[in-house]
1. Just to be sure, is Glu287 in contact (Cβ under 8 Å) with a residue 24 or more places away in the chain, of a type in the set (Asp, Glu), closer than 30 Å to Glu309 by Cα and not assigned by TED's automatic domain parsing to the domain that holds Asp167?
2. Tell me, yes or no, whether the range 333-341 has at least one residue that is surrounded by 15 or more Cβ atoms within 10 Å (Cβ to Cβ) and either part of a strand (DSSP E or B) or not assigned by TED's automatic domain parsing to the domain that holds Leu247 (or both).
3. Would you confirm, using the coordinates I've provided, whether Glu234 is of a type outside the set (A, V, I, L, M, F, W, C) and under 27 Å from Pro39 (Cα atoms)?
4. Consider Ala345 against the criteria (1) over 32 Å from the mean Cα position of the chain (by Cα); (2) under 19 Å from Val241 (Cβ atoms); (3) hydrophobic (A, V, I, L, M, F, W, C): it satisfies all of them except one. Which criterion is unmet?
5. Ala275 passes all but one of (1) aliphatic (A, V, I, L, M); (2) outside any loop (DSSP other than H, G, I, E, B); (3) in the same structural domain as Gly324 (by TED's automatic domain parsing); which number fails?
6. Yes or no: the range 1-17 includes at least one residue that is polar (S, T, N, Q), under 14 Å from Ile206 (Cβ atoms) and in contact (Cβ under 8 Å) with a residue 24 or more places away in the chain.
7. Criterion first (of a type in the set (Val, Ile, Thr), touching a strand residue (DSSP E or B) at 6+ places or on another chain (Cβ under 6 Å) and either in a strand (DSSP E or B) or crowded, with 18+ Cβ neighbours inside 10 Å (or both)) does Val280 satisfy it?
Amino acid sequence: MSDAMIAIQDVTKAFGPVRAVDQVSFEIGRGAFFSLLGPSGCGKTTLLRMLAGFEIPTAGEIYIDGQPMSAVPPNQRPTNMVFQSYAIFPHLNVRDNIGYGLVRLKLPKAELNATIDRALDLIKLPGYGDRMASQLSGGQRQRVALARALVCRPKVLLLDEPLGALDKKLREEMQLELRQIQREVGITFVFVTHDQEEALTMSDRIAVMSRGKVLQIDSAAALYEQPNCREVAEFIGTMNVFEGRLLGVQGGVARVDAGPAGELLAPVNGAADLAPGVAVSVAVRPEKLEIAAARPSNGNAINGRRLAEAYLGDRSHYYVGAEGLAKPIAAAAQNKQRALTSGAAGETVWVHWPVEAGVLLER
């Protein structure tokens, strides 16, 4: 066993003929903020429930701090869980909610109160101890649920989309607070979400899941800049994808016949062993693109016509249609940069980007 807080080894969970989790193996380091990210039905919540002990693997084993967990019931695992629905007791005040899990430890009253006071300070709710659940906002209730889960000092805190019921602005504030709390307590967090921005904002590492499989585990920056497959590329943010066939590789740069998009160049990176003729895609993020009236002298360029423009305050999105392409090309820029100037719909333009901005993906 490595020095990991969690080790998931060849874990499968089947419900009849359906494999909700299919031979998954990976490790989570001590003190990490680790996210399971994917669309509904990808298996992320089933995997979290197996960590909690609410589901037992059909095959494989889960280790927490080096100990196998399959035979350990949920109430005896070194884990605690925070749910999307808050799940705080409406008949108890904030202090009693936070201290509920400490009662069985039979702590002296002074120590119990000191522990609860520290928890209230941690979640930035000092002085709220006597308030009832009905007197709290959604964000405050979620903080109380988090404090109640943390006061018993579990080795692992499991969070099942805990911010999903909050409005957008409060959710963004809670993302930063939750990350700060995790750094202060140093406990391993395993966070389940379908929100890409949420995972990118908070996580040390992210596992992208689909159909019960883990597609890629990496840092937020690596997932965004260097996805290992088209599914990851299109799930994390917006991505323009141009399909084609590999013509050849020279000097670490691949030449791709992308059909209506013309011949495109992209760095090879991890796809160095691909043979000419194989089906590939060139992917590029909208913010890597620029729009110009004339074709640039180098890099990749596609000719098209302006279709639409969307002003979003801090940034603008632009859409260009090119003959033969099924989907418009999406470009984006911060408005303070004014990198992409406005123009009339139907205007002929060139969408271009440097070779190093693209990602070569095997199809």
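1. Working: in contact (Cβ under 8 Å) with a residue 24 or more places away in the chain: yes; of a type in the set (Asp, Glu): yes; closer than 30 Å to Glu309 by Cα: yes; not assigned by TED's automatic domain parsing to the domain that holds Asp167: yes.
So Glu287 passes the test.
2. Yes - at least one qualifying residue is present in the range 333-341.
3. Taking the combined requirement at face value, the residue satisfies it.
4. Ala345 satisfies every listed condition except (2).
5. Among (1) aliphatic (A, V, I, L, M); (2) outside any loop (DSSP other than H, G, I, E, B); (3) in the same structural domain as Gly324 (by TED's automatic domain parsing), Ala275 violates only (2).
6. Quick first cut of the range 1-17, residues polar (S, T, N, Q) only: 2, 9, 12.
Going one step further and asking which of them are under 14 Å from Ile206 (Cβ atoms), we end up with none.
Looking for residues that are polar (S, T, N, Q), under 14 Å from Ile206 (Cβ atoms) and in contact (Cβ under 8 Å) with a residue 24 or more places away in the chain, one finds none in the range 1-17, hence no.
7. Yes; evaluated as a whole, the condition is true for this residue.
Results for (1) closer than 30 Å to Leu215 by Cα; (2) out of contact with any Pro (no Cβ under 6 Å at 6 or more places or on another chain), shown as yes or no for each residue.
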{"residue": "Pro260", "(1), (2)": "yes, yes"}
{"residue": "Leu265", "(1), (2)": "yes, yes"}
{"residue": "Pro276", "(1), (2)": "yes, yes"}
{"residue": "Ser281", "(1), (2)": "yes, yes"}
{"residue": "Leu307", "(1), (2)": "no, no"}
{"residue": "Lys327", "(1), (2)": "yes, yes"}
{"residue": "Lys336", "(1), (2)": "no, yes"}
{"residue": "Val355", "(1), (2)": "yes, yes"}
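The values are calculated or read from the model by the stated rules, or taken from the named source; none is laboratory data. Quick caveat, the model's predicted, so the values are computed rather than measured. Because the Cβ atoms are built from the backbone with ideal geometry, glycine has one as well, and the counts that use them run over all protein chains shown.
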